[in-house]
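Bear in mind that the values in this text are calculations on the coordinates, not laboratory data. These figures come from a predicted structure and were not determined experimentally. Cβ atoms come from the backbone with ideal geometry, glycine included; neighbour counts cover every protein chain shown.
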Amino acid sequence: MRSAADLKRIFQEGWNIPARVDNYVRTVAEGEFCEGATAQAWRSALETALSAVGRLKVLDVGTGPGVFACLYAQMGHECIGLDFSNRMLAAARQRAAELTLDCAFVFGDAEEPPFDADSFDCVSSRHLLFNLPRPGVAVRQWVRILKPGGKLILIGDDSGERRSSTLAAGARRILGRSLRRFSGSRPRGWNAGPDYIKAVSECPLFRHTAGAIQAVMEAAGLQDIRSCPTEDVYYARLKSCPLIRRWSFPPTRPFILIGTTP
């Protein structure tokens, strides 16, 4: 088992590979979060999760190309995106500029966010905890920088469904990847490689579920933990998903968990 520092180094190197970042921005950020039914469904789900009155100060941890930071800003909130990939942060700043949104993007470690206690009304993160060596430490730190009564919003997918180990599902994924590469939708060098995949598998929440995430939130002292409906997001993603991807790597059902600080 490698140290947390070694795992973070591998992850950071992986998310600074130019072809990988460019592919992610093109297929995920542009494909799912541009103006359209899926983007609107995500925005509606986040509005329900926040249940906000007035303008909030929001931190998006592991912001990547800034898609959720931009969604929060479009909802009228002050949003800061945090990430440890300079290449991702550059993509996030470009996205915010193209959308004429006033978002700030900061370089930093999700397990050691560079902010004072009681700094934010909401901390939000999507698809990050499974990629952290110390997810419990991270969530405690996110609670630390929340104001009293602030909200932590954690967004994920059913990793068991996505990482199905059946032979048929594996064959579909392999063929689908080959077709996407052949068609040019995934350039050579987009993958971070086997060392990255092995490193991710060493993280405690690699095969996370909503129940496991809720347990981490409870251990960090969050109260009134609840889930937010995501059916509209799922069906919008399914409808907009390209046929090759729908067959080889279909969208999973996302979950949104919300907890409140005492």
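Key figures
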{"item": "Number of the condition not met by residue 73 [criteria: (1) over 20 Å from residue 25 (Cβ atoms); (2) free of Cβ contacts under 8 Å to residues at least 40 places away in the same chain; (3) buried (at least 17 other Cβ atoms within 10 Å of the Cβ)]", "result": "(1)"}
{"item": "Segments classed as helices (runs of 4 or more DSSP H), wholly inside segment 1-101, with at least 1 members that are farther than 21 Å from residue 236 by Cα and aromatic (Phe, Trp, Tyr)", "result": "4-14"}
{"item": "Checklist (1) closer than 24 Å to residue 135 by Cβ; (2) among the small types (Gly, Ala, Ser); (3) touching a residue at least 12 places away in the same chain (Cβ under 8 Å) applied to residue 5, failing item", "result": "(3)"}
{"item": "Residue under evaluation residue 115, criteria (1) without any contact (Cβ under 8 Å) to a residue 60 or more places away in the chain; (2) aromatic (Phe, Trp, Tyr); (3) part of a helix (DSSP H, G or I), criterion not met", "result": "(3)"}
{"item": "Residue satisfying all of: in segment 124-137; in contact with a strand residue (DSSP E or B) (Cβ under 8 Å, 6 or more places away or on another chain) and of a type in the set (A, V, I, L, M, F, W, C); nearest to residue 199 (Cα to Cα) among these", "result": "130"}
{"item": "Search result, residues across segment 125-149 that are under 21 Å from residue 57 (Cα atoms) and in a helix (DSSP H, G or I)", "result": "138, 139, 140, 141, 142, 143, 144"}
{"item": "Per-region count, segment 88-110, residues crowded, with 17+ Cβ neighbours inside 10 Å and in contact (Cβ under 8 Å) with a residue 60 or more places away in the chain", "result": "3"}
{"item": "From 41, 49, 19, 37, residue being small (Gly, Ala, Ser), touching a residue at least 24 places away in the same chain (Cβ under 8 Å), touching a Ser or Thr at 6+ places or on another chain (Cβ under 7 Å) and on the phi < 0 side of the Ramachandran plot", "result": "37"}
{"item": "Residue satisfying condition, being closer than 22 Å to residue 255 by Cβ, of a type in the set (D, E, K, R) and out of contact with any helix residue (DSSP H, G or I) (no Cβ under 9 Å at 6 or more places or on another chain), within set 47, 35", "result": "47"}
